[in-house]
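Student: My structure is below; once you've seen it, I'll send some questions.
The values are calculated or read from the model by the stated rules, or taken from the named source; none is laboratory data. Note that this is a predicted model, so its numbers are computed, not measured. Cβ placement follows ideal geometry from the backbone for every residue including glycine, while neighbour counts extend to all protein chains displayed.
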Amino acid sequence: MLRSRLILASVVTLALMLAPQLRGQENATITGTVLDPSGAAVPNAAITLTNPATGQVRQTVSNNDGIYLFGNVGVGNFTLSATASGFVKYTRTGIFVNTAQTLKEDLNLTIGATGQTVTVQADALQVQTETNELSNLISGQQVTQLATNGRNVTALAALGMGKSNNLPLFSGVNALTSANGISFNGTRSTHNIYMLDGGELNDRGCGGCFSSLPSMDALAEFQTLDSNYGPDYGIGSGGTILMVLKSGTHDFHGGVWYFNRNEDYDANNYFVNFAGKPRPEFRLNEPGFNIGGPVWIPHVYNDARNKTFFFVNEEWRRLIQGSSPSVVNTIAAANFPVAGQPLVYQVPSNGKVPIVPVTTDPAKLALYTQDGLTPGQPFPNNTIPANLIDPNAVLQLNAGTFPQPNLGTNQYISSIPQPTDVREDVVRIDHNFNPKFQFSGHYLHDAVTQTYYPPLWATVHIQLWAQRCSIRHGHPV
(Lines give C-alpha, C1' and ligand atoms only; values in the text may rest on other atoms or scores of the structure.)
Protein backbone atom coordinates (compact mmCIF):
# COMPACT_ATOMS: atom_id res chain seq x y z
CA MET A 1 0.00 0.00 0.00
CA LEU A 2 2.82 2.38 0.90
CA ARG A 3 4.57 1.66 -2.40
CA SER A 4 1.40 2.38 -4.35
CA ARG A 5 1.00 5.71 -2.58
CA LEU A 6 4.60 6.65 -3.27
CA ILE A 7 4.23 5.82 -6.94
CA LEU A 8 0.99 7.77 -7.17
CA ALA A 9 2.67 10.72 -5.43
CA SER A 10 5.47 10.59 -8.00
CA VAL A 11 2.96 10.63 -10.84
CA VAL A 12 1.13 13.61 -9.32
CA THR A 13 4.45 15.44 -8.85
CA LEU A 14 5.32 14.88 -12.51
CA ALA A 15 1.85 16.08 -13.46
CA LEU A 16 2.37 19.32 -11.56
CA MET A 17 5.74 19.81 -13.27
CA LEU A 18 4.07 19.42 -16.65
CA ALA A 19 1.09 21.62 -15.75
CA PRO A 20 2.50 24.76 -17.49
CA GLN A 21 2.21 22.87 -20.78
CA LEU A 22 -1.54 22.34 -20.36
CA ARG A 23 -4.34 24.17 -22.10
CA GLY A 24 -7.34 22.65 -23.81
CA GLN A 25 -5.46 19.49 -24.83
CA GLU A 26 -7.19 17.72 -27.71
CA ASN A 27 -10.53 19.38 -26.94
CA ALA A 28 -12.94 17.20 -28.95
CA THR A 29 -16.62 16.81 -28.08
CA ILE A 30 -19.06 13.92 -28.50
CA THR A 31 -22.72 14.84 -28.23
CA GLY A 32 -26.06 13.49 -29.37
CA THR A 33 -29.60 12.58 -28.40
CA VAL A 34 -30.92 9.32 -26.93
CA LEU A 35 -34.14 8.36 -28.76
CA ASP A 36 -36.75 5.60 -28.48
CA PRO A 37 -38.23 3.78 -31.53
CA SER A 38 -40.84 6.54 -32.02
CA GLY A 39 -38.18 9.26 -32.07
CA ALA A 40 -39.03 10.61 -28.61
CA ALA A 41 -36.23 11.64 -26.26
CA VAL A 42 -35.15 9.23 -23.52
CA PRO A 43 -34.13 11.14 -20.37
CA ASN A 44 -31.87 9.82 -17.60
CA ALA A 45 -30.24 7.22 -19.83
CA ALA A 46 -26.83 6.12 -18.52
CA ILE A 47 -24.19 6.81 -21.17
CA THR A 48 -20.71 5.27 -21.04
CA LEU A 49 -17.75 6.26 -23.23
CA THR A 50 -14.88 3.77 -23.32
CA ASN A 51 -11.45 3.97 -24.93
CA PRO A 52 -10.52 0.30 -25.64
CA ALA A 53 -6.84 1.19 -26.16
CA THR A 54 -6.39 2.55 -22.63
CA GLY A 55 -9.38 1.18 -20.72
CA GLN A 56 -10.42 4.72 -19.81
CA VAL A 57 -14.16 4.94 -18.99
CA ARG A 58 -16.29 8.09 -18.72
CA GLN A 59 -19.93 8.27 -17.74
CA THR A 60 -22.78 10.74 -17.99
CA VAL A 61 -26.59 10.86 -18.04
CA SER A 62 -28.90 12.25 -20.72
CA ASN A 63 -30.93 15.32 -19.68
CA ASN A 64 -34.68 15.80 -19.88
CA ASP A 65 -34.41 16.37 -23.63
CA GLY A 66 -32.40 13.16 -24.08
CA ILE A 67 -29.21 15.08 -24.86
CA TYR A 68 -25.83 13.92 -23.58
CA LEU A 69 -22.34 15.45 -23.95
CA PHE A 70 -18.74 14.37 -23.37
CA GLY A 71 -16.33 17.31 -23.48
CA ASN A 72 -12.51 17.39 -23.71
CA VAL A 73 -12.36 14.00 -25.42
CA GLY A 74 -8.95 12.87 -26.63
CA VAL A 75 -8.01 11.53 -30.05
CA GLY A 76 -8.71 7.84 -30.61
CA ASN A 77 -11.26 5.07 -31.20
CA PHE A 78 -14.11 4.90 -28.73
CA THR A 79 -17.08 2.72 -27.83
CA LEU A 80 -20.33 4.37 -26.76
CA SER A 81 -22.95 2.51 -24.67
CA ALA A 82 -26.38 3.51 -23.39
CA THR A 83 -28.71 1.80 -20.94
CA ALA A 84 -32.22 2.79 -19.80
CA SER A 85 -35.04 1.03 -18.02
CA GLY A 86 -37.24 -0.93 -20.46
CA PHE A 87 -34.72 -0.74 -23.31
CA VAL A 88 -32.08 -3.06 -24.74
CA LYS A 89 -28.52 -2.01 -23.99
CA TYR A 90 -27.16 -0.09 -26.98
CA THR A 91 -23.46 -0.22 -27.95
CA ARG A 92 -21.78 1.58 -30.84
CA THR A 93 -18.16 0.70 -31.65
CA GLY A 94 -15.50 2.19 -33.91
CA ILE A 95 -16.23 5.84 -33.12
CA PHE A 96 -13.09 7.67 -34.23
CA VAL A 97 -12.58 11.11 -32.67
CA ASN A 98 -10.23 13.75 -34.09
CA THR A 99 -8.69 16.75 -32.40
CA ALA A 100 -10.97 19.79 -31.95
CA GLN A 101 -13.86 17.83 -33.47
CA THR A 102 -17.52 18.14 -32.49
CA LEU A 103 -18.98 14.72 -33.25
CA LYS A 104 -22.72 13.98 -33.15
CA GLU A 105 -23.73 10.41 -32.30
CA ASP A 106 -27.47 9.89 -31.79
CA LEU A 107 -28.39 6.69 -29.93
CA ASN A 108 -31.56 4.86 -31.04
CA LEU A 109 -32.72 2.50 -28.31
CA THR A 110 -34.86 -0.60 -28.85
CA ILE A 111 -37.59 -1.72 -26.45
CA GLY A 112 -36.70 -4.96 -24.72
CA ALA A 113 -35.02 -6.55 -21.73
CA THR A 114 -32.11 -4.66 -20.20
CA GLY A 115 -29.96 -7.82 -20.29
CA GLN A 116 -29.98 -7.80 -24.08
CA THR A 117 -27.45 -5.83 -26.14
CA VAL A 118 -27.59 -4.29 -29.62
CA THR A 119 -24.16 -3.51 -31.10
CA VAL A 120 -23.63 -1.38 -34.21
CA GLN A 121 -20.53 -0.20 -36.03
CA ALA A 122 -20.10 3.56 -36.41
CA ASP A 123 -20.11 4.94 -39.94
CA ALA A 124 -16.54 5.85 -40.91
CA LEU A 125 -17.75 8.52 -43.37
CA GLN A 126 -19.68 11.32 -41.71
CA VAL A 127 -20.69 14.82 -42.74
CA GLN A 128 -19.72 17.37 -40.10
CA THR A 129 -22.93 19.32 -39.40
CA GLU A 130 -22.44 20.48 -35.80
CA THR A 131 -20.21 23.48 -36.65
CA ASN A 132 -19.51 25.62 -39.72
CA GLU A 133 -15.71 25.52 -39.44
CA LEU A 134 -13.47 24.88 -42.43
CA SER A 135 -10.61 22.55 -41.57
CA ASN A 136 -8.23 19.98 -42.99
CA LEU A 137 -7.34 16.80 -41.07
CA ILE A 138 -4.31 14.54 -41.57
CA SER A 139 -4.26 11.36 -39.47
CA GLY A 140 -1.16 10.06 -37.74
CA GLN A 141 -0.74 7.28 -40.30
CA GLN A 142 -0.99 9.80 -43.14
CA VAL A 143 1.53 12.07 -41.40
CA THR A 144 4.20 9.37 -41.43
CA GLN A 145 3.41 8.22 -45.00
CA LEU A 146 3.14 11.58 -46.79
CA ALA A 147 6.35 12.40 -48.68
CA THR A 148 7.36 15.83 -47.39
CA ASN A 149 10.68 17.40 -48.29
CA GLY A 150 12.82 17.23 -45.16
CA ARG A 151 10.10 15.80 -42.87
CA ASN A 152 9.00 19.29 -41.89
CA VAL A 153 5.45 19.69 -40.52
CA THR A 154 5.01 23.09 -42.21
CA ALA A 155 4.73 21.18 -45.50
CA LEU A 156 1.64 19.48 -44.07
CA ALA A 157 0.09 22.82 -43.13
CA ALA A 158 0.32 23.92 -46.77
CA LEU A 159 -1.93 21.06 -47.91
CA GLY A 160 -5.66 21.51 -48.41
CA MET A 161 -7.97 24.08 -49.96
CA GLY A 162 -7.73 27.84 -49.50
CA LYS A 163 -3.99 27.97 -48.76
CA SER A 164 -1.18 29.73 -50.61
CA ASN A 165 2.47 29.66 -49.61
CA ASN A 166 5.98 30.72 -50.51
CA LEU A 167 7.68 27.79 -48.84
CA PRO A 168 11.04 26.74 -50.32
CA LEU A 169 11.60 23.21 -51.56
CA PHE A 170 13.42 22.46 -48.30
CA SER A 171 12.27 24.22 -45.12
CA GLY A 172 15.04 23.12 -42.77
CA VAL A 173 15.19 21.00 -39.62
CA ASN A 174 15.14 23.76 -37.00
CA ALA A 175 11.95 25.54 -35.93
CA LEU A 176 13.44 29.02 -35.48
CA THR A 177 14.92 29.11 -38.98
CA SER A 178 12.20 27.08 -40.66
CA ALA A 179 10.13 28.73 -43.38
CA ASN A 180 6.47 29.18 -42.47
CA GLY A 181 5.07 31.57 -45.08
CA ILE A 182 1.54 30.10 -45.40
CA SER A 183 -1.59 32.18 -45.94
CA PHE A 184 -5.00 30.79 -44.99
CA ASN A 185 -7.71 32.27 -47.22
CA GLY A 186 -5.74 35.47 -47.73
CA THR A 187 -4.88 36.17 -44.07
CA ARG A 188 -1.41 37.25 -42.99
CA SER A 189 1.07 34.41 -42.66
CA THR A 190 2.50 36.01 -39.49
CA HIS A 191 -0.92 35.67 -37.81
CA ASN A 192 -0.94 31.86 -37.88
CA ILE A 193 -0.87 29.96 -34.60
CA TYR A 194 0.87 26.61 -34.04
CA MET A 195 -0.41 24.52 -31.13
CA LEU A 196 0.72 21.17 -29.69
CA ASP A 197 -1.69 19.28 -27.41
CA GLY A 198 -3.48 22.58 -26.81
CA GLY A 199 -0.29 24.46 -25.86
CA GLU A 200 0.96 27.34 -27.99
CA LEU A 201 4.26 26.83 -29.82
CA ASN A 202 4.58 30.36 -31.19
CA ASP A 203 7.49 32.68 -30.51
CA ARG A 204 5.59 35.93 -29.88
CA GLY A 205 8.62 38.13 -30.61
CA CYS A 206 9.30 36.59 -34.01
CA GLY A 207 6.13 37.42 -35.96
CA GLY A 208 4.68 34.01 -36.77
CA CYS A 209 7.70 31.86 -35.86
CA PHE A 210 7.31 28.75 -33.75
CA SER A 211 9.69 27.54 -31.07
CA SER A 212 9.73 23.77 -31.62
CA LEU A 213 9.49 21.51 -34.66
CA PRO A 214 7.87 18.24 -33.51
CA SER A 215 9.03 15.00 -35.04
CA MET A 216 6.50 13.70 -37.55
CA ASP A 217 6.74 10.24 -35.98
CA ALA A 218 5.64 11.69 -32.63
CA LEU A 219 2.32 13.02 -34.02
CA ALA A 220 -0.98 11.20 -33.68
CA GLU A 221 -2.85 13.85 -35.68
CA PHE A 222 -2.29 17.07 -37.60
CA GLN A 223 -5.12 19.46 -38.38
CA THR A 224 -5.44 22.97 -39.78
CA LEU A 225 -8.38 25.16 -38.79
CA ASP A 226 -8.77 27.42 -41.80
CA SER A 227 -11.72 29.65 -40.89
CA ASN A 228 -15.02 29.88 -38.96
CA TYR A 229 -13.62 27.84 -36.08
CA GLY A 230 -14.85 28.27 -32.51
CA PRO A 231 -13.62 30.73 -29.87
CA ASP A 232 -11.56 28.01 -28.19
CA TYR A 233 -8.86 28.76 -30.77
CA GLY A 234 -9.28 32.51 -31.29
CA ILE A 235 -5.64 33.33 -30.47
CA GLY A 236 -4.67 34.65 -33.93
CA SER A 237 -6.49 36.01 -36.95
CA GLY A 238 -4.84 33.59 -39.39
CA GLY A 239 -4.99 29.83 -39.54
CA THR A 240 -4.60 27.60 -36.50
CA ILE A 241 -2.39 24.52 -36.86
CA LEU A 242 -3.20 21.80 -34.32
CA MET A 243 -0.80 18.96 -33.58
CA VAL A 244 -1.44 16.09 -31.17
CA LEU A 245 1.28 13.87 -29.72
CA LYS A 246 0.89 10.14 -29.60
CA SER A 247 0.08 8.64 -26.23
CA GLY A 248 0.61 5.36 -24.46
CA THR A 249 -2.00 2.60 -24.44
CA HIS A 250 -2.80 -0.62 -22.56
CA ASP A 251 -0.16 -2.43 -24.65
CA PHE A 252 3.43 -1.39 -25.34
CA HIS A 253 4.16 -0.10 -28.84
CA GLY A 254 7.07 1.68 -30.51
CA GLY A 255 9.18 2.14 -33.60
CA VAL A 256 12.69 2.82 -34.90
CA TRP A 257 13.55 4.79 -38.05
CA TYR A 258 16.40 6.28 -40.03
CA PHE A 259 15.97 8.79 -42.87
CA ASN A 260 18.82 9.82 -45.12
CA ARG A 261 19.48 12.29 -47.92
CA ASN A 262 22.77 12.91 -49.70
CA GLU A 263 24.00 15.12 -52.54
CA ASP A 264 25.16 11.97 -54.32
CA TYR A 265 21.51 11.23 -55.04
CA ASP A 266 21.02 14.59 -56.81
CA ALA A 267 22.04 16.10 -60.13
CA ASN A 268 24.76 18.75 -60.07
CA ASN A 269 24.14 22.49 -60.44
CA TYR A 270 24.92 23.64 -63.99
CA PHE A 271 27.45 26.33 -63.02
CA VAL A 272 29.12 24.17 -60.40
CA ASN A 273 29.39 21.35 -62.92
CA PHE A 274 30.75 23.78 -65.55
CA ALA A 275 33.49 24.79 -63.11
CA GLY A 276 34.38 21.13 -62.65
CA LYS A 277 33.37 21.18 -59.00
CA PRO A 278 31.35 18.55 -57.10
CA ARG A 279 27.75 19.10 -55.99
CA PRO A 280 27.19 21.42 -52.99
CA GLU A 281 26.96 19.34 -49.84
CA PHE A 282 23.46 18.39 -48.73
CA ARG A 283 23.39 15.56 -46.23
CA LEU A 284 20.45 14.90 -43.94
CA ASN A 285 20.51 12.11 -41.39
CA GLU A 286 17.53 11.58 -39.06
CA PRO A 287 17.64 8.53 -36.77
CA GLY A 288 15.09 8.16 -34.02
CA PHE A 289 12.86 5.90 -31.97
CA ASN A 290 9.72 6.05 -29.85
CA ILE A 291 8.02 3.83 -27.31
CA GLY A 292 4.74 4.09 -25.44
CA GLY A 293 2.71 2.00 -23.03
CA PRO A 294 1.43 1.77 -19.47
CA VAL A 295 3.37 2.84 -16.39
CA TRP A 296 3.15 -0.61 -14.84
CA ILE A 297 4.89 -2.34 -11.95
CA PRO A 298 3.59 -5.92 -11.61
CA HIS A 299 1.78 -6.58 -8.32
CA VAL A 300 2.70 -3.07 -7.14
CA TYR A 301 1.08 -0.45 -9.35
CA ASN A 302 -1.44 -0.35 -12.23
CA ASP A 303 -1.89 -4.11 -12.65
CA ALA A 304 -4.90 -3.46 -14.88
CA ARG A 305 -2.72 -1.15 -17.03
CA ASN A 306 -5.49 1.43 -17.35
CA LYS A 307 -4.34 4.24 -15.01
CA THR A 308 -1.08 5.82 -16.14
CA PHE A 309 0.49 5.85 -19.59
CA PHE A 310 3.68 7.24 -21.11
CA PHE A 311 5.05 8.02 -24.56
CA VAL A 312 8.68 8.89 -25.34
CA ASN A 313 10.03 10.06 -28.73
CA GLU A 314 13.71 10.75 -29.44
CA GLU A 315 14.98 12.09 -32.76
CA TRP A 316 18.33 13.42 -33.95
CA ARG A 317 18.64 15.62 -37.06
CA ARG A 318 22.05 16.15 -38.62
CA LEU A 319 22.02 18.47 -41.64
CA ILE A 320 25.10 19.50 -43.60
CA GLN A 321 24.00 21.94 -46.27
CA GLY A 322 26.30 23.94 -48.52
CA SER A 323 25.57 27.64 -48.84
CA SER A 324 23.98 28.72 -52.12
CA PRO A 325 26.63 28.57 -54.87
CA SER A 326 28.04 32.07 -55.34
CA VAL A 327 30.20 33.35 -58.19
CA VAL A 328 32.46 36.33 -57.37
CA ASN A 329 35.25 38.15 -59.18
CA THR A 330 38.68 37.61 -57.73
CA ILE A 331 42.31 38.24 -58.63
CA ALA A 332 43.12 36.78 -62.03
CA ALA A 333 45.15 33.59 -61.87
CA ALA A 334 48.03 35.25 -63.80
CA ASN A 335 48.26 38.07 -61.23
CA PHE A 336 49.31 35.88 -58.29
CA PRO A 337 53.05 36.63 -57.96
CA VAL A 338 55.85 34.09 -57.58
CA ALA A 339 58.70 34.86 -55.18
CA GLY A 340 61.85 36.07 -56.99
CA GLN A 341 60.10 36.48 -60.36
CA PRO A 342 58.71 39.56 -62.09
CA LEU A 343 54.95 39.77 -62.47
CA VAL A 344 53.47 40.33 -65.91
CA TYR A 345 50.22 41.97 -64.87
CA GLN A 346 47.10 40.84 -66.72
CA VAL A 347 45.00 43.96 -67.30
CA PRO A 348 41.37 43.43 -66.17
CA SER A 349 38.32 44.32 -68.22
CA ASN A 350 38.17 47.82 -66.68
CA GLY A 351 41.46 48.63 -68.45
CA LYS A 352 43.31 49.84 -65.37
CA VAL A 353 47.05 49.27 -65.64
CA PRO A 354 49.59 49.27 -62.76
CA ILE A 355 51.21 52.67 -62.07
CA VAL A 356 54.69 53.19 -60.62
CA PRO A 357 54.05 54.70 -57.13
CA VAL A 358 55.27 58.26 -56.55
CA THR A 359 57.77 58.42 -53.69
CA THR A 360 60.60 60.55 -52.21
CA ASP A 361 62.36 57.54 -50.70
CA PRO A 362 65.93 57.60 -52.13
CA ALA A 363 66.22 53.81 -51.94
CA LYS A 364 63.01 53.34 -53.91
CA LEU A 365 64.06 56.01 -56.45
CA ALA A 366 67.35 54.18 -56.91
CA LEU A 367 65.46 50.97 -57.68
CA TYR A 368 63.26 52.87 -60.15
CA THR A 369 66.36 54.16 -61.95
CA GLN A 370 67.86 50.65 -61.98
CA ASP A 371 64.67 49.23 -63.47
CA GLY A 372 64.11 52.10 -65.89
CA LEU A 373 60.87 53.24 -64.28
CA THR A 374 59.32 56.70 -64.03
CA PRO A 375 57.24 57.53 -60.92
CA GLY A 376 53.59 58.15 -61.76
CA GLN A 377 53.83 56.39 -65.12
CA PRO A 378 52.66 52.88 -66.11
CA PHE A 379 55.06 49.96 -65.76
CA PRO A 380 56.55 49.16 -69.18
CA ASN A 381 54.76 46.18 -70.74
CA ASN A 382 52.72 46.00 -67.50
CA THR A 383 55.62 44.11 -65.93
CA ILE A 384 56.44 44.67 -62.25
CA PRO A 385 60.10 43.83 -61.49
CA ALA A 386 60.80 41.20 -58.85
CA ASN A 387 62.83 43.61 -56.68
CA LEU A 388 59.70 45.78 -56.16
CA ILE A 389 57.46 42.95 -54.99
CA ASP A 390 57.30 42.59 -51.20
CA PRO A 391 57.99 38.92 -50.21
CA ASN A 392 55.37 39.25 -47.46
CA ALA A 393 52.78 40.24 -50.06
CA VAL A 394 53.70 37.14 -52.09
CA LEU A 395 53.14 34.94 -49.03
CA GLN A 396 49.87 36.69 -48.18
CA LEU A 397 48.42 36.42 -51.68
CA ASN A 398 49.29 32.75 -51.99
CA ALA A 399 48.17 31.76 -48.48
CA GLY A 400 44.52 31.45 -49.48
CA THR A 401 43.46 34.84 -48.09
CA PHE A 402 42.32 35.71 -51.59
CA PRO A 403 40.71 32.77 -53.43
CA GLN A 404 42.31 31.77 -56.70
CA PRO A 405 39.91 31.46 -59.69
CA ASN A 406 38.21 28.13 -60.24
CA LEU A 407 35.77 29.40 -62.89
CA GLY A 408 37.31 30.97 -65.98
CA THR A 409 40.32 33.26 -65.50
CA ASN A 410 39.15 35.60 -62.75
CA GLN A 411 36.04 34.18 -61.05
CA TYR A 412 35.60 32.02 -57.97
CA ILE A 413 32.58 29.81 -57.22
CA SER A 414 32.03 28.49 -53.70
CA SER A 415 29.58 26.62 -51.48
CA ILE A 416 30.44 26.46 -47.78
CA PRO A 417 29.07 23.62 -45.57
CA GLN A 418 26.66 24.85 -42.88
CA PRO A 419 26.06 22.04 -40.34
CA THR A 420 22.93 22.02 -38.17
CA ASP A 421 22.43 19.58 -35.29
CA VAL A 422 19.08 19.10 -33.57
CA ARG A 423 18.23 16.71 -30.75
CA GLU A 424 14.56 16.53 -29.83
CA ASP A 425 13.14 14.98 -26.66
CA VAL A 426 9.40 14.36 -26.33
CA VAL A 427 7.69 12.89 -23.26
CA ARG A 428 3.93 12.62 -22.75
CA ILE A 429 2.16 11.38 -19.60
CA ASP A 430 -1.55 10.49 -19.33
CA HIS A 431 -3.19 9.58 -16.02
CA ASN A 432 -6.78 8.58 -15.20
CA PHE A 433 -7.71 9.66 -11.69
CA ASN A 434 -11.35 8.59 -12.07
CA PRO A 435 -14.07 8.53 -14.78
CA LYS A 436 -14.55 12.30 -14.40
CA PHE A 437 -10.97 13.51 -13.99
CA GLN A 438 -8.10 12.71 -16.36
CA PHE A 439 -4.73 14.38 -16.74
CA SER A 440 -2.47 14.73 -19.76
CA GLY A 441 0.78 16.67 -20.10
CA HIS A 442 3.89 16.71 -22.24
CA TYR A 443 7.49 17.90 -22.27
CA LEU A 444 9.18 18.84 -25.56
CA HIS A 445 12.76 20.08 -25.89
CA ASP A 446 14.77 21.01 -28.99
CA ALA A 447 18.55 21.38 -28.58
CA VAL A 448 20.01 23.14 -31.63
CA THR A 449 23.54 23.89 -32.84
CA GLN A 450 23.61 25.80 -36.13
CA THR A 451 26.31 27.35 -38.35
CA TYR A 452 25.76 30.27 -40.73
CA TYR A 453 27.84 31.44 -43.68
CA PRO A 454 29.10 34.06 -44.08
CA PRO A 455 29.38 34.85 -40.36
CA LEU A 456 28.95 38.51 -39.45
CA TRP A 457 32.29 38.79 -37.67
CA ALA A 458 34.16 37.64 -40.78
CA THR A 459 32.49 40.31 -42.91
CA VAL A 460 33.47 43.03 -40.44
CA HIS A 461 37.02 41.67 -40.23
CA ILE A 462 37.46 41.79 -44.02
CA GLN A 463 36.10 45.34 -44.20
CA LEU A 464 38.46 46.57 -41.47
CA TRP A 465 41.40 44.83 -43.14
CA ALA A 466 40.56 46.54 -46.43
CA GLN A 467 40.42 49.95 -44.71
CA ARG A 468 43.83 49.39 -43.11
CA CYS A 469 45.30 48.47 -46.50
CA SER A 470 43.81 51.60 -48.06
CA ILE A 471 45.35 53.86 -45.39
CA ARG A 472 48.72 52.11 -45.52
CA HIS A 473 49.21 52.33 -49.29
CA GLY A 474 47.59 55.71 -49.73
CA HIS A 475 45.24 54.60 -52.53
CA PRO A 476 42.13 52.42 -52.82
CA VAL A 477 42.69 48.70 -52.77
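Student: May I ask you to say which residue of G66, G140 is surrounded by 14 or more Cβ atoms within 10 Å (Cβ to Cβ), at pLDDT 90 or above and either of a type outside the set (A, V, I, L, M, F, W, C) or touching a helix residue (DSSP H, G or I) at 6+ places or on another chain (Cβ under 6 Å) (or both)? Show your work before the answer.
Tutor: Working: G140 fails: at pLDDT 90 or above.
One residue alone meets the criteria, G66.
Student: Another question about this same structure. Looking at region 320-356 only, could you name the residues that are more than 17 Å from V394 (Cβ to Cβ), part of a loop (DSSP other than H, G, I, E, B) and of a type in the set (G, A, S)?
Tutor: S323, S324, S349, G351
Student: Being hydroxyl-bearing (S, T, Y) and under 24 Å from Y443 (Cα atoms) narrows it down to one of S183, S211, S189, S237, so name that one. If you could, list the steps in order and put the result at the bottom.
Tutor: Numbers: S183 fails: under 24 Å from Y443 (Cα atoms); S189 fails: under 24 Å from Y443 (Cα atoms); S237 fails: under 24 Å from Y443 (Cα atoms).
Testing whether each residue is hydroxyl-bearing (S, T, Y) and under 24 Å from Y443 (Cα atoms) leaves just S211.
Student: A further question on this structure: How many residues does region 226-240 hold that are surrounded by fewer than 24 Cβ atoms within 10 Å (Cβ to Cβ), under 18 Å from N136 (Cα atoms), touching a residue at least 40 places away in the same chain (Cβ under 8 Å) and not polar (S, T, N, Q)?
Tutor: Here the count works out to 7.
Student: Assigned by TED's automatic domain parsing to the domain that holds T50, farther than 30 Å from L225 by Cα, modelled with pLDDT of 85 or more and in a strand (DSSP E or B): is that true of T91 in this structure?
Tutor: Yes, satisfied.
Student: Mind checking which pairs have a first residue in region 241-268 that is crowded, with 18+ Cβ neighbours inside 10 Å and a second that is of a type in the set (K, R) and assigned to a strand (DSSP E or B), Cβ under 6 Å, 6 or more apart or different chains?
Tutor: What qualifies is L245/R428; S247/R428.
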